[in-house]
1. Among the residues of the range A:137-157, what is the count of those that are farther than 17 Å from A:Ala90 by Cβ and either among the aliphatic types (A, V, I, L, M) or not in a helix (DSSP H, G or I) (or both)?
2. Between A:Leu87, A:Leu73, which is within 13 Å of DNA strand C (Cβ to nearest atom), away from chain B (no Cβ under 14 Å) and within 21 Å of the chain's Cα centre (by Cα)?
3. For A:Thr13, are the conditions met, namely being modelled with pLDDT of 95 or more and of a type in the set (S, T, N, Q)?
4. Of all residues being more than 13 Å from chain A (Cβ to nearest Cβ) and β-branched (Val, Ile, Thr) in the range B:150-160, which is surrounded by the most Cβ atoms within 10 Å (Cβ to Cβ)? Just the residue, please.
5. Can A:His133 be described as more than 14 Å from chain B (Cβ to nearest Cβ) and open to solvent by 10 Å² or more (accessible area, probe 1.4 Å)?
6. Consider the range A:32-67. How many of its residues are in a loop (DSSP other than H, G, I, E, B) and either loosely packed, with under 14 Cβ neighbours inside 10 Å or within 13 Å of DNA strand D (Cβ to nearest atom) (or both)?
7. When you check B:Glu132 against the structure, is it modelled with pLDDT under 95 and farther than 19 Å from A:Arg182 by Cβ, yes or no?
8. Would it be correct to say that A:Leu176 is at the interface with another protein chain (Cβ under 10 Å from one of its Cβ atoms) and within 25 Å of A:Gly41 (Cα to Cα)?
There are 2 protein chains.
Amino acid sequence: MSAERHGQNEAATDDMSWAEVTPDAARRLLIAAVQAFAERGYHATTTRDIASRAGMSPAALYIHYRTKEDLLLRISRIGHEKALEILKDAAAEEGTASERLSEAVRSFVRWHAARHLTARVVQYELDSLGEEHRPEIVALRRESDATVRDIINDGVKAGEFDVPDVPGTTLAVLSLCIDVARWFNTEGRRTPDEVGALYADLVLRMVGARVS
Amino acid sequence: MSAERHGQNEAATDDMSWAEVTPDAARRLLIAAVQAFAERGYHATTTRDIASRAGMSPAALYIHYRTKEDLLLRISRIGHEKALEILKDAAAEEGTASERLSEAVRSFVRWHAARHLTARVVQYELDSLGEEHRPEIVALRRESDATVRDIINDGVKAGEFDVPDVPGTTLAVLSLCIDVARWFNTEGRRTPDEVGALYADLVLRMVGARVS
DNA sequence: TACGGAACTAAGCGCTCGCTCAGCTCTAGG
DNA sequence: CCTAGAGCTGAGCGAGCGCTTAGTTCCGTA
């Protein structure tokens, strides 16, 4: 079966990846919200739907979360922090700029594919967040941007890369990786690992890395 | 002013690009719907909002469109047809595969940037379409995919390109172009022409085109 | 001038939404 | 055994939703 082959059935692994969310009922609600938001979008999802996916009554949601938007905010914050951590870990490794960029793209894309439900909410439901919470999330995105841009700048300085427009190329690389969350399908032909490898190669070509 | 510099203020040019929609009131409603859907998303947009943007009462909408979803369907169909036409025009030109791919990406991206409100609805609100209308739109997307894949295959056969994974690279190229609609901002630093030129260069690198 | 029909509006119907609240249940501490 | 409090539910409120309907306005034609 496909999910087994991928080893990435999101519903199964979510229990582990949202371990920081307690108590148990709050975590179940949050996981239910991720699935519902990813499938239907934030505005099309009802609190009744989220609660029933978690096996609870509609009122139970409000014991653990102040509002429906509060749920989205927590998902978005945790997700962005995870995505940023992945990029920073890759950037902090030892090795050439090519190696670090390749590893950053590979792991970033792998996350967007394996956890595409979460990533879809994180990357595409940002606008559903109210004005008062958006700046916090936008700041995390800028950090992600800076992390990738720094690696590319390193590569240019070291003579490894040929990049006429560093900010533009950084934007394109991140855009390419993020959009994986939109089209990736667990039932499809590619595993998250395969997509990660393909994209790492494509990005190295985009920055004109010397063939190794 | 930015919109003037870009020469691409969407609200202004929409009157011309939706010329095929008649009568005038129907076109005004459709343009209002594009703006509202792009800003807030389909589900978060109310029919009252659309009607008031068009300077009409809520009931007037139902004289020209059967339902709110009917509006989305018409926007989506016209938009996808336009996007496909752009790709096919570039693919049908004379020239090398590099030239045709470059022109396809340049014009496709330029459209997604200049008309990013429309493109955002077309590319990201597909899931809001009911099950009965989606297949028609998905067929148009497959045609777009095939058009780009054919150009890349031509380049590989001619020895112009070095592409280990043609379907995967095709997917990545289209994904990269489409995501322009998500991040492009009229107030930003780049014009649609500039983004088109940048992306055409990046895509030629992705397919390993020989430097010309 | 009179009239048929298309375009449009004011009012509002039935429904579902996010969210609330009074009260029930279950468990830990004494 | 009793009790306090956290977790949860059933019922439902006020609001706003998509959409409808009865009736008005306006214009082309004769």
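The values are calculated or read from the model by the stated rules, or taken from the named source; none is laboratory data. Predicted model, so just to flag it, every value in this text is computed and none were measured. When we count neighbours, we look across all protein chains shown, and the Cβ atoms used for this are built from the backbone with ideal geometry, even at glycine. Only protein heavy atoms, including side chains, enter the accessible area calculation; ligands, DNA and RNA are left aside. Shrake-Rupley method; radii C 1.70, N 1.55, O 1.52, S 1.80 Å.
1. 4
2. Result of the check over A:Leu87, A:Leu73: A:Leu73.
3. no
4. Going through the qualifying residues, I end up with B:Ile151.
5. It is true that A:His133 is more than 14 Å from chain B (Cβ to nearest Cβ) and open to solvent by 10 Å² or more (accessible area, probe 1.4 Å).
6. Number satisfying all stated conditions: 10.
7. So B:Glu132 fits the description; yes.
8. Numbers: at the interface with another protein chain (Cβ under 10 Å from one of its Cβ atoms): yes; within 25 Å of A:Gly41 (Cα to Cα): yes.
Considered against the rule, which asks whether it is at the interface with another protein chain (Cβ under 10 Å from one of its Cβ atoms) and within 25 Å of A:Gly41 (Cα to Cα), A:Leu176 comes out as yes.
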